[in-house]
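The values are calculated or read from the model by the stated rules, or taken from the named source; none is laboratory data. This structure is a prediction, so every number in the text was calculated from the model and none was measured. A quick note on method: Cβ atoms are made from the backbone with ideal geometry, for glycine too, and the neighbour counts reach across all protein chains shown.
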Amino acid sequence: MTRAASWAILLLGLTYFILPLLGMIEFSLSMRRGEYSFDAYVAVLGDPQFRQTFSYSVMMALLTIVFGMLLVVPTAFWVRLKLPHLRPVIEFITLLPLVIPAIVVVFGYIRLYNTSSWLPLTGSVLGTNLLLMFGYATLSLPYMYRAVDTGLRTIDVTTLTEAAQSLGAGWITILGRIILPNVLVAVLSGAFVTFAIVMGEFTMAALLNRPAFGPYLQLMGANKAYEPFALATIAFIITWACMGLIQLVTRFTKHDKAAR
Amino acid sequence: MTEQSPPPPRRTFHLNLNWLGVMPFALFVLLFLVMPTMKIVVGAFQRPDGSFTFANIAGLFTPSILSSYWISIKISVSSAAIGCLIGFLMAAAMVLGGLPRGLRSPLMTFSGVASNFAGVPLAFAFLATLGPLGLVTVFLRTEFGINLRAMGFNILSFWGLTITYLFFQIPLMILIVTPALDGLKREWREAASCLGATGAQYWRMVALPILFPTILGTFALLFANAFGAVATAIALTGSSLNIVPIMLFAQIRGDVLGDPHLGYAMAFGMILVTGLANVVYIVLRMRSERWLK
């Protein structure tokens, strides 16, 4: 392939990716006739429903991250330490949410945990929120598990554990003060992906009828002219910021390790 | 409602307490991934009273449901095929085209972002670009007199959805195929040219056969990816395009098919399609690792 052809392909491809973003931003700025303005953003930020749904989704994202960490870090650690033969099985299970569409999973939730079932989670607001958080945790499981497992690969889990044990540390201490600090970067990058997923998620929140950011976006899209594009721009910035932060923490640790 | 039979209790507790360590994880996966999915699969083969039947599956073979599967499959195939092709060309340009190496890291980061930028915002971005009043539509009309609408293009259509899906399909292909292209050893190319092969021959007889499992596997992955995309489709087309995820969404919301178990069967069909595509991906992925490490 010649260099000119390579440039041509790359630039054509990039045009395809940049145009929709430009279109989105341009639209979000053209609420005032004849000139660019931030009116749409002002309108959106002033909308109490925006603040409610946005903070709801941020809250859910943070809870999902905490829950995911508590679930994944000990499991990945334990599997590496005591059950290495189970690793392929666990890895396969964590990839299942990529195979089974989210809409099917949430359909199952609705049928399995409805008010007449043995665990009527959808019967109360708290229960539905909890169910949605579990759903989000399921969606982010592939990313979270892979990130943490990769992080664990770079440290000698067995030696660290034995050293800590011989100094009298219990399991909680080992996990909280030895393992977690060592895989913190991995956990953080898993956390940022989770954040991006939860902030943009539509299907589960809509079908469980929770006031999250994704359904709000869709509702605005159906009813307003310019505001949806301001919202979409905000959503894009969130995704971009999350991915940027992952790059940043990863690079930061590389530097950190080289200096040691 | 039918009772889900509980999983067989693990008998190894007293022999090996190490099992206990993964119990929370196993419990979570069982409750919030396996059991909900099984509920759908089992429900697809049940009558409302719980007895076994194939009627729900047979119910899928009605013109409206079949056509929704058919449109879904067509959109998934075309967006996966075009995504594979463009993604491959872009990755090849980046890896083998002699472009500055500094381009690579930003492009890979961008691919990571773009492959995650799906859902409702993506639909809006394309409405703002190719919709009736979109940036490109208006530009083409005022500057070149090309009226996309008069040419039959509509963002709320098969091609509109395909073009939109490409926004997350192409980056995913780039992310997966770049390491594979890196795995092509320089020596292979040199050996081929020493034996008198032209560039085209090298690609046809060496590089593409090695890359083929990766490309085909990624195609399967992209197919499943598009097939399960719900939010983008709903935000873009509302309910004007009859594809499986939109139909299933409407069914879960309001039982539009008038038969809850037909909904199970539809969801089961979805699992079947995405599951098969993923099996193809995994098998081909293992095959491609034989050459590319």
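Counting only helices (runs of 4 or more DSSP H) that sit completely within segment B:199-240, those holding 3 or more residues that are within 25 Å of B:L89 (Cα to Cα) correspond to B:199-202, B:208-227.
Only a single item in (1) surrounded by 21 or more Cβ atoms within 10 Å (Cβ to Cβ); (2) part of a helix (DSSP H, G or I); (3) within 13 Å of chain A (Cβ to nearest Cβ) is not met by B:M38, and it is number (1). Scanning segment B:270-285 for residues that are within 13 Å of A:I100 (Cα to Cα), more than 9 Å from chain A (Cβ to nearest Cβ) and surrounded by 19 or more Cβ atoms within 10 Å (Cβ to Cβ) turns up just one, B:V273.
Pairing each residue of segment A:19-40 that is more than 8 Å from chain B (Cβ to nearest Cβ) with any residue that is modelled with pLDDT under 85, provided the two are 6+ apart or on different chains, yields C-beta distances under 6 Å for A:D39/A:M31; A:D39/A:R32; A:A40/A:M31.
Could you tell me whether B:A91 is at the interface with another protein chain (Cβ under 8 Å from one of its Cβ atoms), of a type in the set (A, V, I, L, M) and at negative phi? No, not satisfied. For B:A118, the conditions (1) more than 7 Å from every other protein chain (Cβ to nearest Cβ); (2) closer than 30 Å to A:I90 by Cβ; (3) assigned to a helix (DSSP H, G or I) all hold with the exception of (3). Every condition in (1) farther than 17 Å from A:P101 by Cβ; (2) assigned to a helix (DSSP H, G or I) holds for B:G258 except the one numbered (2).
Just to be sure, is B:A265 surrounded by 22 or more Cβ atoms within 10 Å (Cβ to Cβ) and part of a helix (DSSP H, G or I)? Criteria met by B:A265. Of all residues in segment A:111-128, those being surrounded by 17 or more Cβ atoms within 10 Å (Cβ to Cβ) and either in contact with a Leu (Cβ under 9 Å, 6 or more places away or on another chain) or at positive phi (or both) number 5. Does B:L172 satisfy the criteria of being under 27 Å from A:S30 (Cα atoms) and touching a helix residue (DSSP H, G or I) at 6+ places or on another chain (Cβ under 9 Å)? No.
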